[in-house]
Amino acid sequence: MDANLKYDLTEGSILQKLVRISAPLIGTQFLQMTYNLTDMFWLGQINANAVASVGTAGMYVWLSFAFLIIGRMGAEIGVSQNMGRKDPQAAQAFAQNAIFLALIAGILFGLLIHLFRHPLIAIFAIQEAHVAYDAATYLGIVAFGMPAVFLSSAITGIFSGVGKSRTPFVTNGIGITLNMILTPLLIFRFDFGLVGAAWATVIAQTVVVILALLAVRHLTVRPFPDLRLFVQPEPQRIAQIFRWTLPVTIESAAFTMLAMVVGRFVAAFGADALAVQRVGLQLESFSWMIAMGFSSALTSFMGQNYGRGSWSRIHQGTKLAMRAMVLWGLVIMAIPWLFGYQMMSLFFSDEAIITEGVRFLRIHSICQVFICLEYWAAGIFRGLGKTIPPSVSSIIGNILRIPLAYFLSRTALGVAGLWWAIALGAALRSVILVIWFSAYVRRLPREDVPAESATS
């Protein structure tokens, strides 16, 4: 097979191309999830307080995704649409500007969370002072890895945009594996405790960005033969990247900040409740991280076909992807009911904490199909350059979590009311987006148009 045709998502079997590009992305997310769970396992061997500390600091790592998206999604959309138009020069220009934005954003974000780590953690009003102190310590260390994370994520977006998602899978896989090895060594062998887990993460992130930079510049299957890493930014392309990504950035930041409000409600129930939420969300990520990988593949697929004007292919891909996502959601929904106790007992020995954790997982199982459909619709919207609908629906659904959390946690449900609020908020934002997408897709052309007629 011709190398260019292999990575061209506008021709050939739709299912085969979706599988080809999504498999490495899903594999990367699976490895990340495995690492997160392994990290939680080792922290759980210290005590539940360590899990609570890292979970609280992790909210700001989560917040970083809002700004990390600028480089990654700017690259994915700009590269995929222009590769679909057969304009590799414009695709490369978007890639270079996305790298510039990623590096600046990573440096600024890392600096801010390092300097203000203590007041940032104080927002949660954690009852146990030592848990708050450990959370600030962890956050201050992982801040050093932020530039590496932002930069490697933008490079992942470049590879994904051209359909070559295998390379990021390999580089991220090496970093995650290294992290999984270093974490127990630094925590227990060198007796660094929670600090060891933080430094293991930073070291692994540094290795990943070094490998990513080598790959994008020197690998045989690199996206562009002469990609430059440091270029003078082009205002027009920077502005276009912001037009694509600003709604998603606002969405992600709002999501995390609203989750922090819910986290403060959880903190009122003590460190054990925080630990349950942290581990529960990591276990639940088995669903949404895989869905996110598939969504990124859909963005690239839709972007290339939109740039080419292949509307019939876009509609076929939409139907195939929906069936796959619904099936995945149904499978993941059943797991907490079958194996919830065994999953939670890997991280905790206290029976009361395990029981609460199982309740968390089972409540959240009701929204898994909804979450998968949300990522399905969001991936298509973003590939078409329409980033506002996923952002608006997400913000509305997440805002509704706050009154739900406030009132339900004050009923006889107690802390379980918070678990219901999180699950119902996820289901609501998905319903809003899918209805919006159903109305939008009816207005799309059915016949293919010449590539030059497709506009960004």
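Points worth noting:
- Considering residues of the stretch 399-419 that are under 14 Å from PHE269 (Cβ atoms) and among the aromatic types (Phe, Trp, Tyr) only, the residue farthest from the chain's Cα centre (by Cα): TYR406
- In this structure, PHE255 does not qualify as open to solvent by 40 Å² or more (accessible area, probe 1.4 Å) and either hydrophobic (A, V, I, L, M, F, W, C) or touching a residue at least 12 places away in the same chain (Cβ under 8 Å) (or both).
- Within the stretch 239-248, the set of residues being more than 11 Å from PRO390 (Cα to Cα) and open to solvent by less than 20 Å² (accessible area, probe 1.4 Å) comprises ILE241, TRP244, THR245.
- Flag set for TYR406, criterion: of a type in the set (Phe, Trp, Tyr) and open to solvent by 60 Å² or more (accessible area, probe 1.4 Å).
- Within the stretch 323-432, helices (runs of 4 or more DSSP H) holding 2 or more residues that are in contact with a helix residue (DSSP H, G or I) (Cβ under 6 Å, 6 or more places away or on another chain), farther than 25 Å from ARG313 by Cα and small (Gly, Ala, Ser): 388-408
- Enumerated helices (runs of 4 or more DSSP H) restricted to the stretch 1-114, each holding at least 1 residues that are aromatic (Phe, Trp, Tyr) and either on the phi > 0 side of the Ramachandran plot or surrounded by fewer than 19 Cβ atoms within 10 Å (Cβ to Cβ) (or both): 14-46, 48-84
- Qualifying residue in the stretch 125-141 (condition: outside any helix (DSSP H, G or I) and either crowded, with 22+ Cβ neighbours inside 10 Å or polar (S, T, N, Q) (or both)): yes
- The set of residues in the stretch 26-60 being aliphatic (A, V, I, L, M) and under 17 Å from ASN172 (Cα atoms) consists of ILE26, LEU31, MET33, LEU37.
- The selection criterion, being more than 19 Å from the chain's Cα centre (by Cα) and outside any loop (DSSP other than H, G, I, E, B), does not hold for PHE286.
- Annotation for the stretch 181-193: no member residue is assigned to a helix (DSSP H, G or I), closer than 29 Å to SER300 by Cβ and either open to solvent by 10 Å² or more (accessible area, probe 1.4 Å) or modelled with pLDDT under 95 (or both).
- Tallying residues that are modelled with pLDDT under 90, open to solvent by 30 Å² or more (accessible area, probe 1.4 Å) and either closer than 20 Å to MET40 by Cβ or assigned to a helix (DSSP H, G or I) (or both) within the stretch 142-169 yields 2.
- The single condition among (1) aliphatic (A, V, I, L, M); (2) under 16 Å from VAL262 (Cα atoms); (3) crowded, with 20+ Cβ neighbours inside 10 Å; (4) over 18 Å from the mean Cα position of the chain (by Cα) that ILE422 does not satisfy is (4).
- Annotation note: Cβ proximity below 8 Å between a residue of the stretch 289-311 that is under 17 Å from PHE30 (Cβ atoms) and a residue that is open to solvent by 10 Å² or more (accessible area, probe 1.4 Å) and among the polar types (S, T, N, Q) (sequence gap 6+ or interchain) occurs for MET289/GLN29; MET289/GLN32; ILE290/GLN29; MET292/GLN29; GLY293/THR28; GLY293/GLN29.
The values are calculated or read from the model by the stated rules, or taken from the named source; none is laboratory data. As the structure is a prediction and not an experimental result, all values here were calculated from the model. Positions of Cβ are generated from backbone atoms using ideal geometry, with glycine treated the same way; all protein chains shown enter the neighbour counts. The protein model used for the area step is the full one, side chains on, heavy atoms only, and it has no ligands, DNA or RNA in it. Shrake-Rupley method; radii C 1.70, N 1.55, O 1.52, S 1.80 Å.
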